[in-house]
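The values are calculated or read from the model by the stated rules, or taken from the named source; none is laboratory data. Here the structure is a predicted model, which is why all the values come from computation and not from measurement. Using ideal geometry, Cβ is built from the backbone for each residue, glycine included, and neighbour counts are taken over all protein chains shown. Accessible surface is based on the protein model in full, side chains and every heavy atom, while ligands, DNA and RNA are left aside. Shrake-Rupley method; radii C 1.70, N 1.55, O 1.52, S 1.80 Å.
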Amino acid sequence: MNTPVTIGPATLYRGDALAILPHLEGSGFDSVLTDTPYSSGGQFRSDRVQDTRKKYVVTGSSSINLPDFSGDNRDQRAFAYWAALWSGAALHACRPGAVGMFFTDWRQLPASTDYMQAGGWVWRGIVPWCKPDARPQLGRFTAQCEYVIWGTAGAVCADDTAGRIPGFYECIAPRNRVHVTQKPVELLRELLRVVPVGGCVLDPFMGSGTTGVACIQTGRHFVGIELDPVHFDNACERIHDAYRQGLLFDHASEAQEQTRLTLE
Ligand SMILES: C[S@@+](CC[C@H](N)C(=O)[O-])C[C@H]1O[C@@H](n2cnc3c(N)ncnc32)[C@H](O)[C@@H]1O
């Protein structure tokens, strides 16, 4: 295993999540928040093995020049089998009651709720992420949402309940991105509200490190894993920039708010 890079409260591993996760067993993570390769983007095997830029970038967009990424070419059965393996290994790295949040799209939604449970998580719901700027499809419903399936490591921990948290988010995908499927950092910050301030979050497929940036901005610790060197380097850079900038003002009082709501 490569020596991890440490940036303030973030520890970043470069390598294969399936190889690294067993070393993190028993770490007591409060949450696994991750955006795996979806292995989506088409009906047929030949569609799925295409370059991720062909699958996920709108023709004519400048993002077509971004680097491809690994692991997005599994067929349905292999995807579900592989994902059950990593989600099971991630569960063993968590404390009881930890929250799992895994991104997926409409095609992989059924396989994703299956793999979460096969990995040992208690599946508890689906949080839609609506993209108002999604490309319309004439005469058909626009595929306007991606989804975050969520669950817990066993029973919900009563100490973790802090305030009312929405079950639906609307925001556009980032414009100036460095990763083909980069998620909006404001969405990740909102999802982190289910994790206590000061808690530790694991993202085994961190891509350009958006989960890590949101953790730094909101006062959570972070452990990330990424296979591709180019994306790993981008994650280090983005997380380092976030660390230099410090906590975001509107989240600095969140810890006090969580404590107040827990005591009420
Ligand atoms: C969907 S992307 C994550 C994008 C991220 N949410 C962001 O905002 O940048 C999934 C990432 O997982 C990485 N990956 C694929 N297989 C992996 C593996 N076995 N271990 C670790 N990372 C892997 C890919 O290289 C890709 O960057």
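Here are some notes:
- The set of residues in the range 123-156 being open to solvent by 40 Å² or more (accessible area, probe 1.4 Å), over 18 Å from the mean Cα position of the chain (by Cα) and within 16 Å of Cys94 (Cα to Cα) consists of Ala155, Val156.
- Entirely in the range 1-115, the strands (runs of 3 or more DSSP E) that have 3 or more residues that are within 14 Å of the ligand (Cβ to nearest atom): 10-14, 29-34, 94-104
- So Gly120, is it on the phi > 0 side of the Ramachandran plot, out of contact with any Leu (no Cβ under 8 Å at 6 or more places or on another chain) and of a type outside the set (A, V, I, L, M, F, W, C): no
- Output for the range 203-231, where each listed residue is at positive phi and either within 12 Å of the ligand (Cβ to nearest atom) or in contact (Cβ under 8 Å) with a residue 60 or more places away in the chain (or both): Gly207, Gly209
- Out of Val223, Val230, sole residue that is in contact with a helix residue (DSSP H, G or I) (Cβ under 9 Å, 6 or more places away or on another chain) and modelled with pLDDT of 95 or more: Val223
- For the range 191-212, the candidate set comprises residues that are surrounded by fewer than 24 Cβ atoms within 10 Å (Cβ to Cβ) and of a type in the set (Val, Ile, Thr); within that set, the residue that is farthest from Ala89 (Cα to Cα) is Val197.
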